1. Criterion first (over 26 Å from the mean Cα position of the chain (by Cα) and either in a helix (DSSP H, G or I) or hydrophobic (A, V, I, L, M, F, W, C) (or both)) does GLN118 satisfy it?
2. Looking for something surrounded by fewer than 20 Cβ atoms within 10 Å (Cβ to Cβ) and either at pLDDT below 80 or out of contact with any helix residue (DSSP H, G or I) (no Cβ under 6 Å at 6 or more places or on another chain) (or both) - is there at least one such residue anywhere in region 351-369?
3. Quick test for you: out of GLY236, GLY309, GLY324, GLY317, pick the one residue that is more than 24 Å from the chain's Cα centre (by Cα) and closer than 18 Å to ALA441 by Cβ.
4. Could you tell me whether CYS133 is without any contact (Cβ under 8 Å) to a residue 40 or more places away in the chain and surrounded by 20 or more Cβ atoms within 10 Å (Cβ to Cβ)?
5. Just to check your reading of the model, which residue among ASP48, ASP68 is of a type outside the set (S, T, N, Q), modelled with pLDDT under 90 and over 26 Å from the mean Cα position of the chain (by Cα)?
6. Suppose we filter region 278-306 for residues that are under 25 Å from VAL445 (Cα atoms) and not in a helix (DSSP H, G or I); how many remain?
7. Within region 307-315, does at least one residue satisfy the condition of being on the phi > 0 side of the Ramachandran plot and surrounded by fewer than 20 Cβ atoms within 10 Å (Cβ to Cβ)?
8. With THR47, THR43 as the choices, which residue is without any contact (Cβ under 8 Å) to a residue 12 or more places away in the chain and either closer than 27 Å to LEU205 by Cα or surrounded by fewer than 18 Cβ atoms within 10 Å (Cβ to Cβ) (or both)?
Amino acid sequence: MNAHTQTAGSSGEEGRLSWFTRISYGLGDTAQNIVWGAMSILTFFYTDYAGIDPALVGLVMLISRCFDGFSDVIMGFLVERTHSKWGKSRPWILWMSVPFALSIVLIYTVPQGSTALQFAYLFVTYNFCTTICYTALNLPYGSLSAMMTRVSKERDMLSITRMALSPIGKILAISATLPLIKIFGDTQMAWIEVMSIWAILALVLLLLCFRNCEETVVIKARDEKEKRDTKIPIWGSIKILLLNKYFWMAMILWMMLNVIYYITGTALPYYCKYIFHDDSLYGGLYLLETGLTVGTIILFCPWLLRKMGKRNMSLLGMVIAGVGHLIYCLNPLDFHWVIFSCIVRGIGFAPLYSVVFGFLGDVVEYGQWKFHVRQEGLIFSGGSVGTKVGSGLTSAIVTGLLSYAGYVSSTTADAIQPQSAIDMIVSVYMWGPVIVCALTAIVLVCYKLDKIYPQIMKDLVAREARGEL
């Protein structure tokens, strides 16, 4: 490892990563999204195969959400204080790969019995998978990129590769799970068998990621500081994080990507069902938008990154998405215009989607430069808390607006909605993306870190040469 140690001045070949390393890193997120994609139809399994009351399922997920944000922060501190022969973040991929794979199988092994037994089993297994295993795997995985290289463009390429490969796992799980369930017998045991396949595949990809993605960034000044037991107290670390203005900007950018996902993911199925009277259209529109995002990332984002930098190319994408969606708003009740809205979102959000984790990586270097403290784990965990809060609030706001508009729930899926509810569905889908594009564009206009980053790294070279952070 010492042979590959990088300092703040790493440049040229010293900080470069091979495509094999980039792809291995991206496949780590493919593995996680295989499981996450399978989790997207968990409620359907609980109610239609395990025979669990939907209200009980909702209660478990609501309570679990309260624990999720705390686990992110705790995990951030654990990464900061991890010392192993593999580094700080990388060992967690190895340690959590098997528990994570097992957790998705355990979730679907719901026993038959009393309501209290099923509630306890759901609560324990759901939180074991999401709150514990996923958090302890995903957050170190994200912060690993800042420990593999200190070259900003290389971290951006890691982010591009990650975001090009990550949807593949979700698409695979979403599109193949139910057909495989039918082939395996359409029973609860069939779900367990299919989840076992996904678990094995995810495990193999995670181990591949661990094997080929080494931590090569070693900050000698930080190591010496830790040897002197001069660690900053927990509240001091949090204060420094909150004072980092670029952390807030990067967190909002990551949050907005989750907000748009929840706005369209919640509103579009209702849109297809009650405006076009065919909810099966949603699957095709989802694949269209996701496919265009992946295609844009692979074909254009590396070129745009070289020509424009991540801030400018992300801003260009927001302008495209915002203007395109406003054009759709001129005729929102035509199915062809809804297709157009999916196309412009798929293309427009792709640049930011591809490099969002590159923004967070640069925040790590800025934090060290500004506050003399390096916080890889805490910055990525703090960003994750923001996305979960944003997605939770978005879901609550969207469902609250539907309820306010008089939306009629039904157990037979054939309720007739009042015009007020239909108008609200259209309004949410029309104006939600416009608001997200506007807020994201404002943040990107204010983001100046790309311009000062070269000077930041020069200053860090000088400071670290003197044994300072």
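1. yes
2. Checking region 351-369: not a single residue is surrounded by fewer than 20 Cβ atoms within 10 Å (Cβ to Cβ) and either at pLDDT below 80 or out of contact with any helix residue (DSSP H, G or I) (no Cβ under 6 Å at 6 or more places or on another chain) (or both).
3. Sole residue among the options that is more than 24 Å from the chain's Cα centre (by Cα) and closer than 18 Å to ALA441 by Cβ: GLY324.
4. yes
5. ASP48
6. Here the count works out to 1.
7. yes
8. Among THR47, THR43, only THR47 is without any contact (Cβ under 8 Å) to a residue 12 or more places away in the chain and either closer than 27 Å to LEU205 by Cα or surrounded by fewer than 18 Cβ atoms within 10 Å (Cβ to Cβ) (or both).
The values are calculated or read from the model by the stated rules, or taken from the named source; none is laboratory data. All values reported here derive from a predicted model rather than from experimental measurement. A quick note on method: Cβ atoms are made from the backbone with ideal geometry, for glycine too, and the neighbour counts reach across all protein chains shown.
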